[in-house]
Structures are given as structure tokens and as C-alpha cells.
Amino acid sequence: MQLRVQESSCRGTQLIAFRSAVVALWGTSAWGEVCDTLPPTSREALSRTITPIEWVAERHMVELAQAVHAGPAGGSDAVYRELVSTVVRVGFGRVRRFFVQLAAPEMLLTRAPDFWKHDHTHGTLIVDIGRGRARVGLVDHVYATSAVASLNAAEAFRSALAQTRARHVEERHRVNGGGLLEVDLTWDDVGREEERTAS
């Protein structure tokens, strides 16, 4: 049974992976510099040691995303996407990454709502899967309230899918009224690539 907390929160693993990615791309000093630019409540919440199973308010994660996008990423969506890809790789861990690499993209997408519920206290993930495409809807979540947070979520979905047998994974996202983030994902899978190569 999942603990329900008042405020939209994510597991500490999310923050730990984010911190590791910032350090990997820009060095230890960059993490401190980013934290120094945060509002006092977010700086205090994110500067301390967080355990993987602890809950972290996602408003702090949104502040962090915006600070990294404006700071080390230099306002570049492309550079920020590289950070999010690194977060996803670090966040999977070695064992999970091994199994995900063997998985069909449809399998990961089918399990995505359960993964979301495990790592987030709020929001609902709705996935509609077709051949070589999917639409992921994130409903009633703080990530739909900020352009950078929406980019963060959309790139995380794309990067996670790219860890499977999917190839050439692309995403387009938009925020619709009523707190809905929609992410359209397209890909080629290994099986179809092999069929095309053989013919």
C-alpha cells in the first residue's frame, strides 16, 4: 500500500539520480552552485542527505529543474535533455538497466503507470500504445505547470523507452488545459529494423 502524503512528492531516488547526473556532467561544484540559487525552502530541503525511500516534495524538484536549466544547462533544452538522459541511466541502476535493455518497448510502457505510482504520490499516468507509437498522459501533476518540468517529464519518458529495444525514439509534448501533460512517443523496434534489413 502506498503512503499518501498531503503534498505531491517523489521518492528520494529521483533526487539522488538528479544530483548524480549534475555532478557527472558539470562537477561537484555545480551542484552547490545550483543549490545556492534555489529559494530558501527548496535549498534547505534538497541540500540535506536524502534516503532513497524518503519522499521529496515535487515543488522542490521543479525549482531544481528550473535552476539547472537556467544555470549549468545555459537555458538550452538540448543540454537539459542530456541531463535528463543521464538521470534516467543513473536512476535505473545496473540490474534494472540490464533487464530493461532486453525488454520490448510495449512491455515498459504497459508497466509505466505502476512504476509512476511507486515513485510518485500524486498524478495519474495513462498510456495508449500502438505499433511503434504511444501517447502518455500525465494528469493532475505539478510537472504540467512549468515548461521545464514538462520537458523534464517528457524527456524522462523518452529516455526510459530508449533504454529498451526501441530505436530512434522521439517525443513531442504539450500541456493541455486542466493539468494534462501529453507526450507522443514514436520509435522503431529492433525486430522491425531487422525485418527491413533482411528484405
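Cβ contacts < 6 Å: first residue assigned to a helix (DSSP H, G or I), restricted to the stretch 10-36; second residue surrounded by fewer than 17 Cβ atoms within 10 Å (Cβ to Cβ), any location; separation 6+ or different chain. Result?
That search, which allows pairs on different chains as well, returns GLY12/THR51; GLY12/PRO52; GLY12/GLU54; THR13/PRO52; VAL22/ALA30; TRP31/VAL23; VAL34/GLY71; CYS35/SER47.
Anything in the stretch 170-184 that is surrounded by 16 or more Cβ atoms within 10 Å (Cβ to Cβ), over 15 Å from the mean Cα position of the chain (by Cα) and farther than 12 Å from HIS141 by Cα? List them, or say none.
Matches in the stretch 170-184: none.
Quick one: which residue in VAL79, VAL100, VAL90 is more than 16 Å from VAL183 (Cβ to Cβ), of a type outside the set (Lys, Arg) and touching a Phe, Trp or Tyr at 6+ places or on another chain (Cβ under 8 Å)?
On the way: VAL79 fails: touching a Phe, Trp or Tyr at 6+ places or on another chain (Cβ under 8 Å); VAL90 fails: touching a Phe, Trp or Tyr at 6+ places or on another chain (Cβ under 8 Å).
Among VAL79, VAL100, VAL90, only VAL100 is more than 16 Å from VAL183 (Cβ to Cβ), of a type outside the set (Lys, Arg) and touching a Phe, Trp or Tyr at 6+ places or on another chain (Cβ under 8 Å).
Inside the stretch 126-141, can you point out the residues that are out of contact with any Lys or Arg (no Cβ under 8 Å at 6 or more places or on another chain), crowded, with 18+ Cβ neighbours inside 10 Å and outside any loop (DSSP other than H, G, I, E, B)?
Going residue by residue through the stretch 126-141, those that are out of contact with any Lys or Arg (no Cβ under 8 Å at 6 or more places or on another chain) are 126, 129-131, 133-141.
From what's left, crowded, with 18+ Cβ neighbours inside 10 Å: 134, 136, 138, 141.
Listed by number, the residues that qualify are ALA134, VAL136, LEU138.
Say we look at the stretch 39-72 and pick out the residues that are of a type in the set (Ser, Thr, Tyr) and in a loop (DSSP other than H, G, I, E, B); which of these is most open to solvent (accessible area, probe 1.4 Å)?
Just the residues of the stretch 39-72 that are of a type in the set (Ser, Thr, Tyr), to begin with: 41-42, 47, 49, 51.
Next, from what is left, pick out any that are in a loop (DSSP other than H, G, I, E, B): 49, 51.
Working: THR49: 120, THR51: 63 Å².
Result: THR49.
Evaluate the following for ASP77: is it modelled with pLDDT of 95 or more, of a type outside the set (Gly, Ala, Ser) and open to solvent by 60 Å² or more (accessible area, probe 1.4 Å)? Before you say what the answer is, go through the steps one by one.
Working: modelled with pLDDT of 95 or more: yes; of a type outside the set (Gly, Ala, Ser): yes; open to solvent by 60 Å² or more (accessible area, probe 1.4 Å): yes.
In short, yes.
Considering only residues that are among the β-branched types (Val, Ile, Thr) and either crowded, with 19+ Cβ neighbours inside 10 Å or at pLDDT below 95 (or both), which ones fall in the stretch 1-25? Steps first, please.
Residues of the stretch 1-25 that are among the β-branched types (Val, Ile, Thr), as a first pass: 5, 13, 16, 22-23.
Listed by number, the residues that qualify are VAL5, THR13, ILE16, VAL22.
Across the stretch 80-104, what is the number of residues that are modelled with pLDDT under 85, of a type in the set (Lys, Arg) and either in contact with a helix residue (DSSP H, G or I) (Cβ under 8 Å, 6 or more places away or on another chain) or open to solvent by less than 80 Å² (accessible area, probe 1.4 Å) (or both)?
Qualifying residue count, the stretch 80-104: 1.
Looking at (1) open to solvent by 80 Å² or more (accessible area, probe 1.4 Å); (2) of a type outside the set (Asp, Glu); (3) without any contact (Cβ under 8 Å) to a residue 60 or more places away in the chain, can you tell me which one HIS118 breaks?
(3)
The values are calculated or read from the model by the stated rules, or taken from the named source; none is laboratory data. Because the structure is predicted, anything quoted here is derived from the model rather than measured. Neighbour counts are summed over all protein chains in view; Cβ atoms, including those assigned to glycine, are modelled from backbone coordinates with ideal geometry. To get the accessible areas, we keep the full protein, side chains included, count just its heavy atoms, and leave off ligands, DNA and RNA. Shrake-Rupley method; radii C 1.70, N 1.55, O 1.52, S 1.80 Å.
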